[in-house]
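Undergrad: To start, I am sharing the structure in question, which I have written as structure tokens.
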Amino acid sequence: MKNLRYLIVIYLVIIVVITFMPTPGVNRALNDITVLSFRADYLLHTLFFLPLVPLWKLCFKEHPLWLIIPGSFLVAVFSEASHYVIPYRSYNINDLVANVLGVFIGAALLFIPFIRNLLTGKL
């Protein structure tokens, strides 16, 4: 199971890279795409943070949810709040809400017994 811990490290590195990477023109293109009346970039923010809580629980079964969920919220908030101080990125409260929504949905998935048992190895 320790090999799975590399998965969360790779995932967090990807979050950091995407958070600090310049994205000229990408945001403008995503702003023009809508899915069910939602801008595509908000949907992508939600989907990007959705696996954080389940992945953390899968990689660190011994960590309690009361530690994982707030930690995941901090990662989601930091990733968007850091855009406030990066000159070539722009802070958007809606992106922050979408990040937190992704964490919330991921955490809610753990309360489905089948998924919780699957991740904790009790299946």
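Undergrad: Take the residues in region 81-94 that are part of a helix (DSSP H, G or I) and free of Cβ contacts under 8 Å to residues at least 40 places away in the same chain; name whichever of them is nearest to Pro22 (Cα to Cα).
TA: From region 81-94, those part of a helix (DSSP H, G or I) are 81-84, 93-94; that's our starting set.
Of the ones still in play, those that are also free of Cβ contacts under 8 Å to residues at least 40 places away in the same chain are 81, 84, 93.
Values: Ala81: 15, Tyr84: 14, Ile93: 19 Å.
Selected residue: Tyr84.
Undergrad: A follow-up question, please. Residues of region 44-73 being part of a helix (DSSP H, G or I), under 16 Å from Val9 (Cα atoms) and not charged (D, E, K, R), which ones?
TA: Residues satisfying the conditions are Phe48, Phe49, Leu52, Val53, Pro54, Leu55, Trp56, Leu58, Cys59, Ile68, Gly71, Ser72.
Undergrad: Consider Tyr84 against the criteria (1) farther than 23 Å from Val13 by Cβ; (2) at pLDDT below 90: it satisfies all of them except one. Which criterion is unmet?
TA: Only one criterion in (1) farther than 23 Å from Val13 by Cβ; (2) at pLDDT below 90 is unmet by Tyr84, namely (1).
Undergrad: Within region 82-97, take every residue that is out of contact with any Lys or Arg (no Cβ under 9 Å at 6 or more places or on another chain) and surrounded by 14 or more Cβ atoms within 10 Å (Cβ to Cβ) and give me the one that is nearest to Arg39 (Cα to Cα).
TA: Ranking the candidates gives Asp95 first.
Undergrad: Right, here's the next one. For the structure I just gave you, tell me whether Asn31 is under 19 Å from the mean Cα position of the chain (by Cα) and modelled with pLDDT under 75. Show your work before the answer.
TA: Details: under 19 Å from the mean Cα position of the chain (by Cα): no; modelled with pLDDT under 75: yes.
Here the answer is no, as Asn31 does not meet what is asked.
Undergrad: Continuing with the same structure: Can you work out which of the residues in region 42-70 that are surrounded by 15 or more Cβ atoms within 10 Å (Cβ to Cβ) and among the aromatic types (Phe, Trp, Tyr) is farthest from Tyr6 (Cα to Cα)?
TA: For region 42-70, the residue satisfying everything is Tyr42.
Undergrad: Ok, one more. Assess whether Ala40 counts as being among the small types (Gly, Ala, Ser) and modelled with pLDDT of 90 or more.
TA: Spelling it out, it is not the case that Ala40 is among the small types (Gly, Ala, Ser) and modelled with pLDDT of 90 or more.
The values are calculated or read from the model by the stated rules, or taken from the named source; none is laboratory data. Keep in mind the model is a prediction, meaning the values are calculated, not measured. Neighbour counts run over all protein chains shown; Cβ positions are idealised from the backbone, glycine included.
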